[in-house]
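Below: the structure, in structure tokens.
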Amino acid sequence: MPRVAQTVCVLLGLTVFMGSIPKSLFAQTAFAPLTLSAQTAKAEHISYTTATTGTLYRMLPTMARVQADTTHTVSIQPAGSGKVLDILVLPGQAVQQGQALLHYQNHSLHIARLQETQTRTALAAALATQQEASQAYTRGKALAGQTVSVGDMQKRLAALQQAKENVAARQAELAVLKHRFDEEYTSPTERHATQDETSTLVAPFAGTITRLNTAIAADVEPNLPLLTLSDSQHVWLVSDIAPQEAALLAPTGQQLTTLPDGTATQPLHTKIETIGAVADPTTGLVPVLSRVDNSQGHLRPGMVLNSLLQTTQSQSGLLVPADAVQTVNGQNVVFQTVSDTTIRPTPVETGLEENGQIVILSGLQTGARIVQHGSLALKAMMVLPAMDAE
């Protein structure tokens, strides 16, 4: 047989033999350690991380819209009717609790004050009548049987009782008016002047004016919303997903949301509060809601953000950054430190990769110190010499 043909047969035989070897044996292939000087490490910006035990969850990418927290949103309505005198705020303006928002001329308050004046006058007259009737009854009682007859005494007693009832009625009317001033025209959203008919709408809590529905000199009526105030300290993140995807979500799972550029370097971590039980008949999607602290004011209703929702699919093992794992000759490799200047390429078996992390199933011990940033440069140190040799 010619020599060339013999060589071809040998190579074919080796190929068949190598193909019959399980891939797990290749994963045990040992690589030569790499020597890394301090200058090289500095030039390549080498950084290290430690393998830690944990569980990685599959995340569902979605879009989340920012929505005002309706449990802390109030429509401010006047208690009386009248005319708007002046408006002290603008839509989008942040306000503090108790801050004046709007003044209006309250005709209902004016009528109530006139009624109060009339009632106080009537009460004074009733008290005078009661005093006079009481004195007449006392005199008649002293002269009963002498100059005052029994019938006259009964008339004086009846007049005294009627005077007392009249006083009680006037006092009840004043109590009703006081209740109106204290409860109807004074509330967490409204207060009134003590003398004139001016009423002021105030903020019941700190927040942002999201809507203004009136103007100067406009008519106002009870139960007519003039302003809307929202608590901007908290907002909702609402994600609409398909029902089959909602079935994969973990109740009370984590939600990671990417904030707008320039506001934060890390994703916003929140907890899934509710997963809708029924799909929206219009869109066919299920709403997923989480409540977010917005004390910094970075989130505004109407914004749409990229978000990740935690599912029930997970895998446990050693967790390392995904960029710490490189592929060399078909094997997944991490670069484990042996000393300050020696790096050992270590074959590993990997599992689930998600959100910049990957699970190491075997080949590495807990607490192992490996290269994170710069692993690609170390891979080049392994591959390029072999390519030059060829």
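Worth a mention:
- P(r) tail, the stretch 71-229: Cα-Cα pairs separated by more than 21 Å, 59% of all pairs.
- Helix 107-142 axis, angle to the chain major axis (alpha carbon atoms, nearest 10°): 40
- Annotation: amide H of Gly253 within the under-5 Å range of Ile272, sequence separation 5 or more or interchain, hydrogens built in the peptide plane.
- Estimated translational diffusion coefficient (Stokes-Einstein, Kirkwood radius over Cα pairs, 4 °C, 1.567 mPa s) of the stretch 146-237: 71 µm² per second.
- 0 to 90° range, to nearest 10: angle between helix 375-389 axis and the chain longest Cα axis: 20
- For the chain, the alpha carbon convex hull comes to 298 Å³ per residue, rounded to a whole number.
- Counting every other Cβ atom within 10 Å of each residue's Cβ, Asp240, Asp182 order from fewest to most as Asp182, Asp240.
- Nitroxide proxy distance, nm - points 7 Å out along Cα→Cβ at Ala94 and Thr366: 4.5
- Viscosity 1.002 mPa s, temperature 20 °C, Stokes-Einstein D of the stretch 304-390 from Kirkwood C-alpha radius, µm²/s: 149
- Taking amide H atoms as placed 1.01 Å from N in the peptide plane, the amide H of Leu352 lies under 5 Å from those of Val359, each 5 or more residues away in sequence or on another chain.
- Computed over neighbours whose Cβ is under 11 Å from that of Ile360, the net charge equals -2, Lys and Arg +1, Asp and Glu -1.
- Expected 222 nm ellipticity per residue - DSSP helices of 4 or more, -39500 (n - 2.57), all of the chain, to 500: -9500 deg cm²/dmol
- Nearest-ten-degree value, helix 150-179 long axis tilted from longest Cα axis of the chain: 30
- Length gained on full extension, Thr70 to Ala142, computed as 0.36 nm times the residue gap minus the Cα-Cα distance: 18.7 nm.
- Order by protection proxy (mean Cβ within 10 Å, highest first), peptides 208-220, 316-328: 316-328, 208-220
- Cα-Cα pairs of the stretch 258-328 separated by more than 19 Å (percent): 57
- Computed as a quarter of the hull surface, the mean projected area of the alpha carbon convex hull for the stretch 226-353 stands at 13.1 nm².
- 19 Å Cα-Cα reach of Lys42 towards lysines, excluding residues that sit fewer than 8 places from it in its own chain: Lys379
- Rounded FRET efficiency, nearest 0.05, which uses the C-beta distance separating Phe205 from Asp86 and R0 of 22 Å: 0.45
Every number here is computed from the coordinates shown, using simple stated rules; none is lab data. A quick note: this is a predicted structure, and the numbers were derived from the prediction, not measured. Cβ sites come from the backbone with ideal geometry, for glycine too, and all protein chains shown count toward neighbours.
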